[in-house]
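What follows is a short report on a single structure.
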Amino acid sequence: QVQLVESGGGLVQTGGSLRLSCAFSGGTFSSYTMAWFRQTPGKEREFVAAVSWRGGSQRYADSLKGRFTISRDNAKNTVYLQMNSLKPEDTAAYYCAADRRQVWSSIYYSEKEYDYWGQGTQVTVSS
């Protein structure tokens, strides 16, 4: 079974940066599209970013373009989310997800497209 473990969350001041990591195991990492979502208690999960299985194509939530960057290192079985210029509204639990598909779905931004999920890592941005 595929397992995903996020790390790198924490407390940061407004305007600061964090890099989240997600370690993949239990399958062939390079065969999976990877994504990041975030969620505040009581709200639905929100799409953040996704990266194709070879790393050459990325998708972002429109509101996050220019601040967040998704990448992957297939030699390390790890996907990253670099977050810059953080704002209080970025405060959430961040989850990584894996999709066995090798082509983009028209609803790649939907959590229902993804087969495996990590436990989440908390990011808190102070004002």
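The values are calculated or read from the model by the stated rules, or taken from the named source; none is laboratory data. Only a predicted model underlies this, so the values are computations on that prediction, with no experimental measurement involved. No Cβ is skipped: glycine too gets one built from the backbone with ideal geometry, and neighbour counts run over all protein chains shown. Only protein heavy atoms, including side chains, enter the accessible area calculation; ligands, DNA and RNA are left aside. Shrake-Rupley method; radii C 1.70, N 1.55, O 1.52, S 1.80 Å.
Numbers at a glance
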quantity: Choice from TYR80, TYR95, TYR116 showing the highest fluctuation, given a GNM over the chain with Cα pairs closer than 10 Å; calculated: TYR116
quantity: Signed unit charges on C-beta, dipole axis of segment 1-113, positive-most listed residue SER71, LEU81, ALA92; calculated: SER71
quantity: More than 19 angstrom apart: percent of Cα pairs within the chain; calculated: 42 percent
quantity: Under 19 Å from LYS112, Cα to Cα: lysines that are on another chain or at least 8 residues apart; calculated: LYS43
quantity: Nearest-10 value in Å² for the accessible area of ASP73, using the 1.4 Å probe; calculated: 50 Å²
quantity: Loop trypsin sites (Lys or Arg not before Pro), segment 1-100, which have at most 13 other Cβ atoms in a 10 Å radius of their Cβ (DSSP); calculated: LYS43, ARG54, LYS65, LYS76
quantity: Lys, Arg +1 and Asp, Glu -1 on Cβ, resulting dipole of segment 18-117 about Cα centre, debye, nearest 20; calculated: 220 debye
quantity: Relative contact order (%) - criterion: Cα under 8 Å, at least six apart; region: segment 34-99; calculated: 38 percent
quantity: Taking the chain and dividing mean pair separation by its residue count, relative contact order in percent (alpha carbons under 8 Å, at least six apart); calculated: 36 percent
